[in-house]
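These notes are about the structure you will find just below.
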Amino acid sequence: MSNFGNQLYQSFLLGDYSGEGELIHLITDDEEEDDSLKADSYSDEISILSVRNTVLFPGVVIPITVGRQRSIRLVKKAQRGDKLIGVCAQRNPNQDDPGWQDIYNVGTLAKIIKMIVLPDGNTTIIIQGKKRFKIREEVSDDPYFVAKVDYLEESFPKNNKEIEALEQSLKEAAFKILQLNPEIPREAQVALDNIDSTPFLTHFLSSNINAPVESKQRLLEINDGIDRATLLLELMMKDIQMLELKSEIQKKVHTDIDQQQRDYFLRQQMKVLQTELGEEGPEKEVEDLLLRGRKKKWPKEVWSHFEKEVNKILRMNPSAAEYPIALNYAEVMVELPWNEFTTDNFDLKRAKDILDKDHFGLEKVKERIIEYLAVLKLKNDLKGPILCLYGPPGVGKTSLGKSIAKALGRKYVRMSLGGLHDEAEIRGHRKTYVGAMPGKIIQNMKKVKTSNPVFVLDEIDKLSSDFRGDPSSAFLEVLDPEQNSAFVDNYLEVDYDLSKVLFIATANTLETLQPALRDRMEIIEVTGYTLEEKVEIAVRHLIPKQRKEHGLKAKDVQFSREALVKIIEDYTRESGVRNLERLVGKVTRNVAKSIAMEEAYQKKITPAMVRKVLGGEVFDKELYQDNSVPGVVTGLAWTSVGGEILFIEASLSKGKGKLTLSGQLGEVMKESAMTALSYLRSKADKLGIDHRVFDNYDLHIHVPAGAVPKDGPSAGITILTAIASVYTQRKVRNRLAMTGEITLRGKVMPVGGIKEKILAAKRAGITDIILCNKNRKDLEEIDDSYLKGITFHLVDHVQEVIQLALLDELVDDSISFTFDNQRVTSGDC
């Protein structure tokens, strides 16, 4: 029961002090006026009783237990006299022997209504407050306090709307307190209903509110009735707020306890049912995780982290939203391979046989893998190297990873990076996010269930970035042998060792790779195949694969070598064999259709049948041998899909020396054209070119296939040769191609992609190639089979290029230049 309710109910019970069953007599306004008139009849010298934790207000009846000798003597003397005493509250309730300084100087004159001596020797008196007073003079403190006082008058205006409103508010607040405390008897409200005097209402409520002695003393000392009632209402509203908060907390606690009890009984029932059905409950699931965790070869800190997470799950309610998230995290940890390795096969001859069987050519790559196996066999401990297979599409970079895994006896896993633009795909999400999951690195390691797989990172050059982060930067840690032993996934939160993984990245170009990432990888160039290699690959791999995919047997269809050569030369123009496989599949489907429809067909595939199935030839070799027109030169270019040949065409027309460039040329090729023209202008005398040609004829340089953007530093000598040919009207050597850059001084600079360019030249039937002398080192690294059938001319200066490329004879329809109405043939220039 609250202090307010307790005191209120106690006051109600004390109403029967007369023994006649009457309620407490409430002082009316008229009686208060009589008391005020009688103020002079009260003695100004009274005995003072100090009380603890209590403040007496006029009109209020309260019981007080008297125990101190000084107080007992005072009460007995007053009982024998006029029964009037002064009651003052103690400042410090713990003071057993208070002095004048320890009691408040404002108190209430009280009348002793009844005195009861208890069996334990203590005396209880029931007193009623009469009049407030203020101590004017201290008379004596022995045997009890005696003081001279001044009586204080009340100031309560009558028939005032503010007073009426305050009285109504005080009663509503009191009723609210009674409602919030169900332990207070209904009779207490009856006592409040019987109070119709505003002064007594304020005194009565001031005495009974749940407030400290200091606050009640302040109420007692206020003379203005409106001020006292306002402060009282403020204290009561605070009490209401506390009771409401307490009630709300009790309801919530009660509801939570009920819910917990309900959940407990339901879980117990569910456990019994699961036991009867032979099913496992959440606790069993968590216990299984712990058992699986103990079998893992975890570092100490990882086990400590896992144990902490599992204990957190055990404390959770299975129906809580966080429960499946925490359970899923623990399952990821136990499903990951931790120091669980497959045994490497160190039979190097077997590994070499597997690589040779699966891939024809690619000697450099296979040699590097055998080296890795040899070191691993000798040392038995080697951090996984980061290899990057770089080359055009269709040359077998991805499938090479499978062969390496087979040769090593390791598990194989592939991760495609094309278009990946979210850093979280690599590092994972923090598990606090909705839908969080580990990154693809950890997911694939969980799938492969071993700590040392062959991990192929396919198309690493096609990583992109946006506002979600830069995945290529996230790979810096993954692909660094010095750092990946402690790779941290945001979801996993603990270090994971990737150092035993053999990472193999594939890329079509290195231009889009950031330098820091490229520096962490060992670049191995995988170039295109020659005609002979493509035929061999088709016979060994492509044709058997297509026969199997189309449900045919070896006896059903056979390809002649001539048919394969025709497909390669006339229908494909690529560095790899992807289109070749597609076209072989098309021919095979045609055979499968004939067999299914029980039609007669030719089992031996010939060039004629290839043309019948595939249609007219897509590429015409004759286009690559035309040199009957001056100013047309064959160049060699490198692209992401391998090498290609291209033509530089130059023509002259009457004009004012204007230079026109067309064919979607990039800035580098435009600069090469201007450099070549400037060089020819400066060396016109040596080349036999009349200076007036440059000012009287417009020059147009065009590279066919205008819809295809072209750029690069490989066309310098080709453009210069084309311009020199058109200005001198001299023929260009037959079946000749060239590549290299030039300077204004006429020096020839080296370029890259030599192997791809050579393969493109061989496919086009080129027999002579002009290269910079500094590209000799590139030729030395290329297998002799690639160089067979081609004559290489290594040069240092443009003069050597012109001497090699241009023939002395003029073309049949050479231009006759006209200057000042005089016709001059190109030979006379």
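Some notes on this structure:
- Spherically averaged projected area of segment 640-732 from its Cα convex hull (nm²): 6.1 nm²
- Annotation: peptides 670-676, 434-440, ranked by per-residue average of other Cβ atoms within 10 Å with the highest first, follow the order 670-676, 434-440.
- Across K670/K757; K171/K238; K176/K246, pairs whose alpha-carbon gap is larger than 18 Å: K670/K757
- Between the Cα long axis of helix 225-277 and the first principal axis of the chain there is an angle of about 50°, rounded to the nearest 10.
- Taking every alpha-carbon pair in segment 633-688 and binning the separations at 10 Å intervals from zero gives 17, 46, 29, 8, 1 percent.
- Per residue Cα convex hull volume in Å³ - calculated over segment 282-335: 61 Å³
- Relative packing of peptides 97-104, 128-135 - highest average C-beta neighbours within 10 Å first: 128-135, 97-104
- Multiplying each eigenvalue of the alpha-carbon gyration tensor of segment 57-176 by 5 and taking the square root yields semi-axes of 30, 19, 14 Å, largest first, rounded to whole angstroms.
- Cα gyration tensor of segment 624-828 - equivalent ellipsoid semi-axes, whole Å, descending: 29, 17, 15
- Extents of segment 348-525, largest first, come to 51, 34, 25 Å (Cα atoms, principal axes, whole angstrom).
- Value of [θ]222 nm, deg cm²/dmol, for the chain, DSSP H segments ≥ 4, -39500 (n - 2.57) each, nearest 500: -13000 deg cm²/dmol
- With eigenvalues of the C-alpha gyration tensor scaled by 5 and rooted, the chain, Å: 110, 38, 24
- Highest mean packing first, where packing is the average number of other Cβ atoms within 10 Å per residue, the peptides 386-398, 82-94 line up as 386-398, 82-94.
No lab work stands behind these numbers, since they all come straight from the coordinates. As the structure is a computational prediction, the values presented were derived from the model and not from experiment. Note: ideal-geometry Cβ built from the backbone for every residue, glycine included; neighbour counts use all protein chains shown.
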